[in-house]
Each structure stands twice: as structure tokens, then as C-alpha cells.
Amino acid sequence: MSEKDHSSADDPALVRAAQSGDMAAFEELVARHRDKIYGRAYSMMRNEEEAIDLSQEAWVKGWQRFKQFQGEASFGTWMTRIVINLCLDQLRKQKRQRTESIEAMDEESGGVERQMPVVTANPTAGLERAETRQRIDRALSQLSHEHRTVLVLHEFEEMEYKEIARTMGCSIGTVMSRLFYARRKMAVLLADMKKEGLR
Amino acid sequence: MMDHDEQLKIQAYLDGELSETEAREVAIWLAQDQDAGVLLAELRNTRQGLAGYEQPVQLPESREFFWSKIEREILRQESPQTAPQIVPWWIAWRRLLMPVGGTAALVLAALIAGGLLGGSGRPAMETAAADTGALTYRDDDGGNTLVWLSYPAENEFAESQPASTLQ
């Protein structure tokens, strides 16, 4: 199969070719999905260099584990799971290295968010799409890794509680707590941005 | 004021994670409790605000460059240096026995040198440590000892001295 053929082939055909050792087919898959895989790594790590390295590592792992891919999910979803797991491993390593601050522990238990008044107005209502995206991105970057990850997995990857718990290696109760505090904090951060925008 | 479990129940209701029976119960409660309804609205707004609004990002490297790094890493990891080699069993055994045989030879040599196998009655040839130019032959059984001295002496001291001093 020539390179021209690869660009017109669909994902399942490329996957089959790559599984039989065709690197050119794998390269085409990388080209198609590299932004999505990098984007997921970036959303979790919030660091360009780390996201590039982890997404590259994910592709290498993808090639090595290709035999395990049975097609029960789409290729993009399968690769996304690989990069998510690599990011979680990296975040765990970083967490072990840094000393937990009192603030971080308070955030983990949701001490601050529990006291916050409920935001009644929709903080993203009436905003342009690009503006909404920017604000959400800024607010996400202010969350802790744990809260951001659970939000990303639930809202963007559309995972259920059970799946998030399995992926993150924690209980469903922890997932629910983290998701709750992450959402509450996002609501407050977005409301603050709206107030700033009106000034 | 709601407790934490109640707050989480509202969220689970929003996310469709409750059983049908539980969801019905929470729906009735939400209709009656204003605070619960307000919290549900906030959680829903945040959820709807996020859905489909993830900032799209692009990998800041060209297709060719990014792929070249991946390809290089794949090939590096697949290279013979890192790939486990299949060794036939006889070679594996030979590899295992060679150091054992070597060690046995060394032990044997040490035993011979130490005179444990030869006994004290055999004649021995020695080189004096102080003078490498002197060679001694000793036969304990015969009670003879012969010493050869090379002349002129082939050692550092002799070479540094004029021949006349040795005569």
C-alpha cells in the first residue's frame, strides 16, 4: 500500500495495516490523531513540553501494544486512554515529589468549596463561543490536578463515575467529591471572570 | 443546610448515575427543597458550560518532526541491543559452566602452588624476591641446595652501579 493510499484509507483499514507491521499506516494514524492526543495531555498537565513528551510516549506505547487493540472502542479513544494513563502516572510521580501544602489538603477535602455561596446566574450565558472556551480554559488551569483531571474525564471524555474511579485508582466516592468541588470551584471562577468582564 | 451526601446525591441525579427509584425520590425532594433546586441549577450550568467548550489545541511541532521522534524511539526500542535474545540451552549451560570451570582451575593452581598436593619432599625451584638474578634449587630429601647467581647481575641495583664496585 502506498502513502497516497494511506491518506485516503479509513481508520480501521489503517489500524489493520499497522497491526501487521506497516509503519507508514501508523504514521498516518499519528498524523490524524496527534492533536487530540496532545490536547488531552495538555489539558491534564498544563505544560507544553510535558504534554509533547507524554503524547510522544503514548504513540510509542500504542505501536508496541497494537496487538492488544481489538477495536471495541475507536482507535482515537483507545489512544486517548493510553495518554490519560501516562499523564496520571506522571502526576502521581510529581505529587510524591512535592510536599503537600495545607491549602492543597484543604482543597482535596473540599473545605473551602463547601462554604461557597451557590452561583445562581449562568456565568457563561451570552458569551461568544471563543470567549467561553478561553474562560473555561483559564478556570481549569486554576484547579488542582486531581480536580481538573476528574472534570476533564467526566465532561470531555464523558466517562462514568465507575470508569473514572478505575482509571484514577480511587473510590467512586472520591470521584464524586472531587467532581462536586471541581464544579463548584469552576462556577465561582467563571462568575468572577464575568464580574471582571463587566467592570 | 444540606449535608455532603445530599449534595453528592443531587450531582449524581444530574449525571444520571442514580437508579430509577433513587432518581424519582430525588426529583420529588428537588421539587420541594428550594436550596437543593438552586444547587442543581448551578451544577447544571457548569456542566453545560463545559460541554463542547474545550479549548482546541494543536501540537506545536510539524508532522514530519513529531513522527521522526516517534519512529526513532520505536526503532531504538526494537533494536537487537534491547530486544531479548533467544539463546540455545547448550550455550546457556556453557556460559554457566565456564566461570565455574575457571574458578575450579584457579583453586587447583592455588593448591599446587601452596604445596598441598605436591608434599614437602619434592625438589623446588625458587627465585629470591630480593634478587631476581639469583635462582635457588633445593632438594630437601637429598639435603642439597644450589644457588645460581647471574653475573653480571641483571637487576636494577647492579645496572645502576659501575661493574668495578661489584668485583
Check whether at least one residue in the stretch B:77-92 is closer than 27 Å to residue A:30 by Cα and of a type in the set (Asp, Glu), and report yes or no.
yes
Any residue at all in the stretch B:5-27 that is within 11 Å of chain A (Cβ to nearest Cβ), aromatic (Phe, Trp, Tyr), surrounded by 12 or more Cβ atoms within 10 Å (Cβ to Cβ) and over 30 Å from residue A:128 (Cβ atoms)?
no
Looking only at the stretch A:141-152, filter to residues that are surrounded by 23 or more Cβ atoms within 10 Å (Cβ to Cβ) and aliphatic (A, V, I, L, M); which one of those is farthest from residue B:52 (Cα to Cα)?
A:150
I'd like to verify a number: residues in the stretch B:31-55 that are at the interface with chain A (Cβ under 7 Å from one of its Cβ atoms), of a type outside the set (S, T, N, Q) and not in a helix (DSSP H, G or I), how many?
3
I want to confirm something. Restricting to the stretch A:1-12 and keeping residues that are part of a helix (DSSP H, G or I) and in contact (Cβ under 8 Å) with a residue 12 or more places away in the chain, which single residue is farthest from residue A:84 (Cα to Cα)?
A:3
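Tally the residues that are without any contact (Cβ under 8 Å) to a residue 12 or more places away in the chain and either buried (at least 19 other Cβ atoms within 10 Å of the Cβ) or out of contact with any helix residue (DSSP H, G or I) (no Cβ under 8 Å at 6 or more places or on another chain) (or both), restricting the search to the stretch A:174-199.
The total comes to 6.
Residue by residue, here is whether (1) loosely packed, with under 10 Cβ neighbours inside 10 Å; (2) at pLDDT 70 or above; (3) more than 44 Å from the chain's Cα centre (by Cα) holds:
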| position | (1), (2), (3) |
| --- | --- |
| B:89 | yes, yes, no |
| B:93 | no, yes, no |
| B:99 | yes, yes, no |
| B:106 | no, yes, no |
| B:124 | no, no, yes |
| B:136 | no, yes, yes |
| B:145 | no, yes, yes |
| B:157 | no, no, yes |
Does residue A:174 satisfy the criteria of being assigned to a helix (DSSP H, G or I), over 17 Å from the mean Cα position of the chain (by Cα) and of a type in the set (Ser, Thr, Tyr)?
yes
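Residue-by-condition table, conditions (1) at pLDDT 95 or above; (2) of a type in the set (Asp, Glu):
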{"site": "A:111", "(1), (2)": "no, no"}
{"site": "A:122", "(1), (2)": "no, no"}
{"site": "A:137", "(1), (2)": "no, yes"}
{"site": "A:149", "(1), (2)": "yes, no"}
Taking the criterion of being of a type in the set (Asp, Glu), part of a helix (DSSP H, G or I) and either at pLDDT below 95 or over 18 Å from the mean Cα position of the chain (by Cα) (or both), would at least one residue in the stretch A:35-43 satisfy it?
no
Count, please, the residues in the stretch A:149-177 that happen to be more than 11 Å from every other protein chain (Cβ to nearest Cβ) and among the basic types (Lys, Arg).
1
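Would it be correct to say that residue A:59 is among the aromatic types (Phe, Trp, Tyr) and closer than 27 Å to residue A:146 by Cβ?
So residue A:59 passes the test.
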From the list A:90, A:64, A:94, pick out the single residue that is of a type outside the set (A, V, I, L, M, F, W, C) and either over 23 Å from residue A:148 (Cβ atoms) or at the interface with chain B (Cβ under 9 Å from one of its Cβ atoms) (or both).
A:64
For the stretch B:57-73, the count of residues that are surrounded by fewer than 17 Cβ atoms within 10 Å (Cβ to Cβ) and within 7 Å of chain A (Cβ to nearest Cβ) equals 6
What number goes with the only condition from (1) surrounded by fewer than 23 Cβ atoms within 10 Å (Cβ to Cβ); (2) over 17 Å from residue A:123 (Cα atoms); (3) without any contact (Cβ under 8 Å) to a residue 60 or more places away in the chain that residue A:167 does not pass?
(3)
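The values are calculated or read from the model by the stated rules, or taken from the named source; none is laboratory data. Computed from a prediction, not measured in an experiment: that's the story for all the values here. Don't worry about glycine lacking a Cβ; one is built from the backbone with ideal geometry, like all the others, and counts go over all protein chains shown.
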